[in-house]
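Worksheet for the structure shown next.
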Amino acid sequence: MSNGFDVQQAAVVGAGTMGRGIVISLASAGIPVLWLDSNAKMVTAGRKVAADTWAQQVVKGRISEAQAEENLARVQAVDSYAALADVDLVIEAVYENLELKQSIFSVLDNTLKPGAILASNTSALDIDAIAAVTSRPDHVLGLHFFSPAHIMKLLEVVRGAHTAPAVLDAALALGKRLGKVAVVAGNCHGFIGNRMLKTYVDEARKMLLEGALPRQVDGALQAFGFAMGPFRMYDVVGIDLEWRARQLAGQGMDSPLVQIDNALCDLGRFGQKSGRGFYCYAEGSREALHDAEVDALVEEIAKGLGLRRRVISDQEIIERCLLALVNEGAKILQEHIAANSHDVDRVYLNGYGFPAAVGGPMAWADGQGLASIQERLERLQRMLGEHWKPAPLIVRLVAAGKGFADVQEGRV
Ligand code: NAD
């Protein structure tokens with residue numbers, strides 16, 4: 001790359017939800033982008049979305065008309081990989097499928113100039129498995145944007161086993177240029193944010209089966225300060241995304257935890273986009289309205305699974321969801337997936353609507369005192385099972401009288 005890894009020309013492969021936001025973000029920061037999709041109509045539609053976004057920003061007085069025109073002029077549709085030969089950086093944002101991404105990275109590696117950086121926007125796939133099909137694994141990494149990519153502040157920079165430090169630095173510099181909060185994450189399923197989210201959502205799902213209802217779970221977590229409870233979040237993201245992924249992978253459909261999601265999708269209740277999900281929505285409105293049909297469905301599924309429902313307090317909801325985040329965050333720290341607890345908190349604050357006033361899940365845990373966190377995890381372990389066993393790092397920190405803030409690169 002020219003100018004010591006300064007990105008002069010970028011490319012984006014994929015013009016769906018994420019590709020669009022990424023292109024808007026790059027072009028808005030003054031970076032020219034070549035845009036490729038196997039379906040050329042997606043790029044045409046994407047360019048229109050980008051133009052509309054900038055037009056709205058003009059109306060709001062955020063940018064001038066001239067800037068909007070310059071932004072759009074920076075976005076150029078292309079119809080072949082050969083056209084990408086001279087770019088400094090390519091960001092791939094096609095369907096979440098390892099084989100597909102590997103085939104694209106192989107072509108990119110054969111086509112792009114030496115020194116060009118190859119990045120994937122995958123949410124959870126193994127960056128090393130993607131890098132392995134190239135001759136330049138030191139120039140491969142994850143750039144995990146969040147949806148909508150031109151608005152959400154968080155950028156997880158995913159370090160593969162072979163990613164060169166200078167390539168990570170280039171990615172962090174790019175993040176800064178895009179006005180993002182960039183956090184380096186190690187390579188594991190879901191990286192920092194989505195790996196923690198899974199434990200939190202699983203806990204919320206279990207509580208639905210045990211006796212809570214979506215409105216109660218969301219209400220309790222929103223009262224704690226979350227921008228959105230997990231079920232409202234699923235309605236926004238689309239309940240069907242994971243459902244389709246389960247079907248495609250041919251696994252996970254039978255887990256009791258996803259039976260409510262499966263049933264909602266079977267009914268065409270995908271979330272906001274279909275007007276009904278965990279909640280219902282009036283035409284053109286995003287206001288989540290209570291739907292008694294969903295409560296009845298939750299109760300029926302729990303009964304079908306042979307579960308006896310009980311009263312679950314708001315306090316239990318908050319306790320289990322937060323402690324799930326903290327325990328997984330501790331495992332992430334102990335495995336060096338995050339360099340320190342501050343990075344874990346930055347991910348959660350900037351990508352997952354965690355209340356800023358609380359400082360992030362790890363800062364919250366330090367504030368509670370890790371001895372108390374350990375005791376509470378052990379109590380849950382006795383009541384609910386081994387998955388609540390405190391992470392070894394927590395036990396070590398408590399014994400040393402320290403907190404998560406004292407951990408750097410896995411060391412206390
Ligand atoms: P999408 O389905 O909206 O878009 C995917 C695009 O890829 C489509 O336009 C499709 O035509 C194109 N495509 C498919 N095969 C192609 C090929 N061989 N060559 C070129 N283009 C091809 O998907 P999305 O939601 O934008 O997700 C893209 C990636 O971003 C996935 O890896 C996903 O996990 C990740 N991601 C998604 C979100 C989200 O909230 N949607 C958030 C973070 C990361």
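Throughout, read-outs are computed from the coordinates displayed, never taken from laboratory work. None of the values given here were measured: they were computed from a predicted structure. Here the Cβ is made from the backbone with ideal geometry for all residues, glycine too, and neighbour counts use every protein chain on show.
List of remarks:
- Top positive-direction residue, dipole computed over the range 1-75 with Cβ charges, set 11, 72, 21: 21
- Rel. contact order, % - alpha carbon contacts under 8 angstrom, at least six apart, the range 97-158: 31 percent
- Cross-linked pairs 198/402; 153/273; 206/402; 153/176: Cα-Cα separations exceed 21 Å for 198/402; 153/273; 206/402.
- Normalised contact order of the range 268-412, rounded percent, pairs of Cα under 8 Å and 6 or more residues apart: 20 percent
- For residue 407, net neighbour charge (Lys/Arg +1, Asp/Glu -1) across residues whose Cβ lies under 13 Å away: -2
- Inter-label distance, nm, simple model (7 Å from Cα along the C-beta direction), residue 107/residue 286: 3.5 nm
- Neighbour count of at most 14 Cβ within 10 Å plus DSSP loop: longest GluC sites (Glu not before Pro)-free window in the chain: 1-282
- The range 220-331: C-alpha gyration tensor shape, a/c 1.5 cut-off, then a/b vs b/c: rounded
- Helix 193-210 axis, angle to the chain major axis (alpha carbon atoms, nearest 10°): 30 degrees
- Overall Cα dimensions of the chain - principal axes, largest extent first, Å: 61, 55, 44
- GNM top mover of 152, 228, 253 - the chain, alpha-carbon springs below 10 Å: 253
- Average Cα contact separation per residue, the chain, under 8 Å, 6 or more apart, as relative contact order %: 12 percent
- Residue order, fewest to most surrounding Cβ atoms within 10 angstrom, among 122, 44: 44, 122
- Alpha-carbon centroids, the range 69-127 and the range 214-237: separation in whole Å: 35 Å
- Of the trypsin sites (Lys or Arg not before Pro) found in the range 101-175, those in coil by DSSP whose Cβ has at most 16 other Cβ atoms within 10 Å are 153.
- In terms of surrounding Cβ atoms within a 10 Å radius of their Cβ, 321, 188, 280 rank from fewest to most as 188, 280, 321.
- Summing charges over neighbours of residue 158, with a neighbour being any other residue whose Cβ is under 11 Å away from its Cβ, gives -2 when K and R count +1 and D and E count -1.
- Within the listed set 195, 379, 20, the Gaussian network model of the chain (springs between alpha-carbon atoms below 10 Å) gives the highest mean-square fluctuation for 379.
- Fewest-first ranking of 281, 95, using other Cβ atoms within 10 Å as the exposure measure: 95, 281
- Around the amide H of residue 120, modelled in the peptide plane, lie the amide H atoms of 92, 141, 142, 143, all under 5 Å away and 5 or more residues distant in sequence or on another chain.
- What the phi angles of the range 36-47 give under the Karplus curve with 6.51, -1.76 and 1.60, with θ = phi - 60°, is a coupling list of 10, 9, 5, 10, 4, 4, 5, 5, 4, 5, x, 5 Hz, glycine and proline written as x.
- Among 71, 262, 39, the largest mean-square fluctuation in a Gaussian network model of the chain, built with springs joining Cα atoms closer than 10 Å, belongs to 39.
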